[in-house]
Structures are given as C-alpha cells and as structure tokens.
Amino acid sequence: MSNDACTQIRTFITTKFPDVTFSDEEDIFALGFVNSLFAMELVMFIEKAFGTRIPNEELHLGNFRSVSLMADLVARQTSAAVG
Amino acid sequence: MKAETRRGPADLAEVGRFVDLEIAPRANTFEREEWIPREVLSRVADLGLWAPFLPPEFDGEAMDMVTVGRVHEEIGRGCSGLRSLLTVHSMVSASVHRWGEPAQQEQWLRALARGEKLGAFCLTEPDHSGSDSTAEGTTAVRDQDGWILNGRKKWITGGQVADVFMVFATTGAGTSTFLVESDRPGVRVTPLPHVMGTTASMLAEIEFTDVRLEPTALLGPQGWAAGTVMTNALDLGRYSVACGSVGIIRAAIEACAAYTSVRSAGGVLLRDLPHVRQMMSGMVTARDAARLLCEKAGALKDAGDPATIMATWVAKYHASTSAVRIAGDAVQIHGANGFSPDYPVGRLYRDSKVTEVIEGSTQVQELTIAAEAYREVAQ
Ligand SMILES: Cc1cc2nc3c(=O)[nH]c(=O)nc-3n(C[C@H](O)[C@H](O)[C@H](O)COP(=O)(O)OP(=O)(O)OC[C@H]3O[C@@H](n4cnc5c(N)ncnc54)[C@H](O)[C@@H]3O)c2cc1C
C-alpha cells in the first residue's frame, strides 16, 4: 500500500512539476515549489485517489513534507476507515 | 422560515422565471438604492438557493456543482449584486461544511442552508494588497477563555446584512479562520456607499475591537493547512464569479437583441448592420465558451478532482474578461441610451468590471494560468 501510495503521490507531483527532482524522503516544501494552490491540489488528490477525507487534526505540514510522510498519512487514514 | 415550510431547490426553469419576473426588472432599482430588500432575500430562501449543495441532513439538497453554477449564472443574469451575496454565502457555507467540527456544523449549517443566517467572507484589509491574500492587519490572540480579535476588513460583500463573518486573522500559528457573529460586542459594521459596481451587494467595512471569541470560533486547521481553508473557499468563489459572468454576458445579449430589433439608424434596424451582427456573434460565442469552461470546472468539482482548481482559474479568466468586453460592446450598441438607468447595460458594464478584480484579479490570473502553460510544456 505504502509503496503504491508513494508511486501515485510522486507521479502526481512530477506531472505538475516535471523539472523538480526529489527523493521520497526529501522535504518538498524546502524545494520551494509548493504554493497554497498546489497544497490544496495535493490534499484533493490524496482524498480522491485514496478515497479518504483527511481530518483537520491530520492536516499539518508535518504530514505533507515528503512523499513518504504523505504515504504514511494515507496508510493511517485508509486503515482507520477499514478498522 | 421554518424547515417544514421550505420547498426544495427550484429547477433551473423556475429560477429563470424568478429572475425574469422578480430580479431583472428591479435590478437597476437595487443598484440605485444600493440595497436588496429582505423580501427578495427571503424569496431566494423560499426557492432553496442559498446553499443547495449542502447535504439533506443540513437542509441542503446535495445539488451538484454544475447545477449550482447554472443557478449562479441565472441569478447573475438578473443582478450581480444578488449573485455576489450568493457567492460569499456559498463560500462560508461550504467552508463550515468542509472544515467545521460537528458542533459548528450543527450550529450553522441548517440556518445557512435556509438563508435564516447570511454569511460574509472577510479576507481583504484596507491597508494591504488583497491580491496578496494576507491577514496581517487582523490578529487573534489566545487567552484562557478563547480568542481576542482585533483588526479591520474592507470591501466585504454582504457585510451590511450578514449574520456571520468568516474572518481570516493572524495567530501565532500563521493565518487562521474564525466564525464571528455580527452582533458580537466589539464588531462595528460601516456601509460602503457609492461603489462603482455590484452596488446592491451591501458592501461594508468591518472593524473588530477586542472581540471575545470562544475556542469553538476557530474554523478548520491552523498554521500551514489554514491556507487550504482560504484556497478552497476562494476556489468556490471564483467558480461562482465565473458563472455569474456568464449571466452578465447573457443579460447583455438579451438587452442588445431587444434594442437592436427596434432601434434604427440610417433607415435600417441596428440588427441589420454588419458590425452589430459581428458584436452579437462574439457575444454568443463567448457565452457558450465561458459556460463550457464553467461546466468543466463544475464537473471536476463534483468528481473531487484537483484539476478543478486550474479549470476554475481558466473559466473565471475567460468569463470575466469576456463579460467586461461584451458589456462594453453592449453599451456601445445602445449609444447614449447605454448610459441611461432606463436600460440595463450600463449596470452590466459597471458590474462586469468587478469580476476582473475579485477572487483573483485578471493580472494575478495571468500569472497563475501562464505558469501552468510552462509546466505543461516542460512535461
Ligand atoms: C465589489 C467588490 C466586492 C468585494 N468583496 C469582497 C469580499 O466579500 N471579501 C473580501 O475579503 N474581499 C472583497 N473584495 C476585495 C477584493 O478581493 C480585492 O479587491 C482583490 O483581492 C484585489 O485586491 P486589492 O483591491 O487590494 O488590489 P491590489 O491587490 O492592490 O491590486 C492592485 C492592482 O495590482 C495588480 N496586481 C496585484 N498583484 C499583482 C501581481 N503579483 N502581479 C501583477 N499585478 C498584480 C492587480 O491585478 C490590480 O490591478 C471585494 C472587492 C470589490 C471591488
């Protein structure tokens, strides 16, 4: 799940920003290309692609800094929905 | 209005009749008096149009966003001042639905859906660029009982009549959003008269002086994610303005078709002059193109697709710039009568210009949309 989520999230970001290179662990906010519009797109993408609604308490920068942290968020949300 | 007496949302034909009979004929009066009577706002409630996208559990109708857009188009065809009220009310209602805690939703959503409470959106400040979308001049400071709000907001659509303000303020954690009742001690509402466009939208400046708020006034996440609260609301506002601009174009076409069918110059009806035909063709084409772009943006919203954000920028850019050009053509076609309060086109011209300034000015849109072009090429 997590690998698959990483791939999907990475593909979404690189489709939007083809010039940017980054690892799954890297802080994408430090790279400077994430503006408020793209942040909203990221939230919407995760909610649609993984069929989840991210609750307010999970909507903080710490969960969106890197591809792998977003994949962890997805894993938590989807397991919470199942369990 | 009681829930049990409220009817479901009108179909589009009924909204069209409402606009034809009760709004369009009075829109110049609304503009001149800088006011939309309460009884008209109640009729909007009666038709279930304030926030029909809310789910039935909150007295909405779960109306899809494409249809919501068509409703805002219809209302915009009649009166952009009223459409502006719908725009900001929708932004507040959708935000409480998306980000509100269950208690906040219980407190507000049914009243917002029924139009018993009206919402206004308070971001812009007198001393800062609205395009920068900052809330630097408004602060909310935590104390043991909740928050203390201070600051000023300007150009607030519906500010004279709203019951609840969605206020962006700077907190320790960045920008945060608060729901503030308009009758709280320390809230002062000052009407903004004689504005050039959407004069009937009852604009106000709002001043907050040591306004005490309970902890539950905070809406949505704080810090970084508060930006998504703002972006999400502005995206819906942009969509509503785009659809309302289609309404302005339609009103211009209706006015010009009627006028040029009875007015002659040089012995021929204006409608038979080639340059009038050319302008009318441009109007029809722009209307259809703008509506298709709005429908695309609305369908992407219904699908929860993030592509809706850029599609909405594009729709609003095309619809608003077209509305300004076409309203100008409509005044030109009317000659001196275009300047007269006896015809609608002068009002359409004034109102259209507002759509190029709010919810992302034309210049800011050009930065955003052009950036997308460079991204696409780089792929
Ligand atoms: C009728 C009306 C109703 C409104 N209703 C509301 C409301 O309900 N709530 C609310 O919060 N606000 C409201 N506003 C305010 C509106 O959102 C702002 O006017 C808008 O954001 C633009 O900000 P500004 O007026 O400060 O212009 P500025 O941001 O000062 O812009 C001035 C000029 O500079 C250009 N510009 C700005 N930044 C850039 C850039 N980076 N690159 C190139 N050009 C740039 C703009 O396009 C514009 O031409 C309303 C305004 C009007 C006129």
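The values are calculated or read from the model by the stated rules, or taken from the named source; none is laboratory data. Small disclaimer: the values here were computed from a predicted structure and weren't measured. Reconstructed Cβ throughout: ideal geometry from the backbone, glycine too, with neighbour counts over all protein chains shown. Remember, those area values only see protein heavy atoms, side chains included, never the ligands or the DNA or RNA. Shrake-Rupley method; radii C 1.70, N 1.55, O 1.52, S 1.80 Å.
Within the range B:199-241, the set of residues being within 14 Å of chain A (Cβ to nearest Cβ) and within 30 Å of residue B:344 (Cα to Cα) comprises B:234, B:235, B:236, B:237, B:238, B:239. When B:46, B:64, B:20 are checked against the criterion of being closer than 14 Å to residue B:236 by Cα and acidic (Asp, Glu), B:64 stands alone in meeting it. For residue A:5, the stated conditions hold: it is more than 13 Å from chain B (Cβ to nearest Cβ) and buried (at least 20 other Cβ atoms within 10 Å of the Cβ).
Taking the range B:259-295, which residues are basic (Lys, Arg) and open to solvent by 60 Å² or more (accessible area, probe 1.4 Å)?
B:263, B:271, B:277, listed by residue number.
With respect to (1) open to solvent by 40 Å² or more (accessible area, probe 1.4 Å); (2) at pLDDT 95 or above, the lone exception for residue B:48 is condition (1). Taking the listed residues B:241, B:180, B:211, the one that is among the β-branched types (Val, Ile, Thr) and within 11 Å of the ligand (Cβ to nearest atom) is B:241, with no other qualifying.
Checked against the criterion of being at pLDDT below 95, surrounded by 15 or more Cβ atoms within 10 Å (Cβ to Cβ) and part of a helix (DSSP H, G or I), the candidates A:43, A:34 yield just one match: A:43. Does residue B:188 qualify as being crowded, with 20+ Cβ neighbours inside 10 Å and basic (Lys, Arg)? Taking the combined requirement at face value, the residue does not satisfy it. Against the test of being on the phi > 0 side of the Ramachandran plot, away from the ligand (no atom under 14 Å from the Cβ) and within 14 Å of chain A (Cβ to nearest Cβ), the options B:186, B:174 yield a single qualifying residue, B:174.
Residue-wise test of (1) within 10 Å of another protein chain (Cβ to nearest Cβ); (2) in a loop (DSSP other than H, G, I, E, B); (3) within 25 Å of residue B:369 (Cβ to Cβ); (4) over 11 Å from the mean Cα position of the chain (by Cα).
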position	(1), (2), (3), (4)
A:12	yes, no, yes, no
A:19	yes, yes, yes, yes
A:24	no, yes, no, no
A:27	no, yes, no, yes
A:30	no, no, no, yes
A:73	no, no, no, no
A:79	no, no, no, yes
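The residues listed here are B:233, B:242; of these, the one that is open to solvent by less than 10 Å² (accessible area, probe 1.4 Å) and in contact with a Ser or Thr (Cβ under 6 Å, 6 or more places away or on another chain) is B:233. Out of the residues in the range B:361-379 that are at the interface with another protein chain (Cβ under 10 Å from one of its Cβ atoms) and touching a residue at least 40 places away in the same chain (Cβ under 8 Å), which is farthest from the ligand (Cβ to nearest atom)? Only one residue tops the list, namely B:372.
Every condition in (1) within 14 Å of chain A (Cβ to nearest Cβ); (2) open to solvent by less than 10 Å² (accessible area, probe 1.4 Å); (3) not small (Gly, Ala, Ser) holds for residue B:83 except the one numbered (1). Here B:342, B:329 are screened, and the one residue that is open to solvent by 40 Å² or more (accessible area, probe 1.4 Å), out of contact with any Ser or Thr (no Cβ under 9 Å at 6 or more places or on another chain) and not in a helix (DSSP H, G or I) is B:342. Tell me which residues, restricted to the range B:45-74, are part of a helix (DSSP H, G or I) and either over 15 Å from the mean Cα position of the chain (by Cα) or within 15 Å of residue B:296 (Cα to Cα) (or both). B:45, B:46, B:56, B:57, B:58, B:65, B:66, B:67, B:68, B:69, B:70, B:73, listed by residue number. Considering the conditions (1) open to solvent by 10 Å² or more (accessible area, probe 1.4 Å); (2) within 16 Å of the ligand (Cβ to nearest atom); (3) within 14 Å of chain A (Cβ to nearest Cβ); (4) at pLDDT 95 or above, residue B:97 is excluded by exactly one of them, (2).
The C-beta contact set for the range A:33-61 (first residue at the interface with chain B (Cβ under 7 Å from one of its Cβ atoms) and over 19 Å from residue B:307 (Cβ atoms), second residue small (Gly, Ala, Ser) and open to solvent by less than 30 Å² (accessible area, probe 1.4 Å), distance under 7 angstrom, 6+ apart or interchain) comprises A:56/B:220; A:59/B:225; A:60/B:223; A:60/B:225; A:61/B:223.
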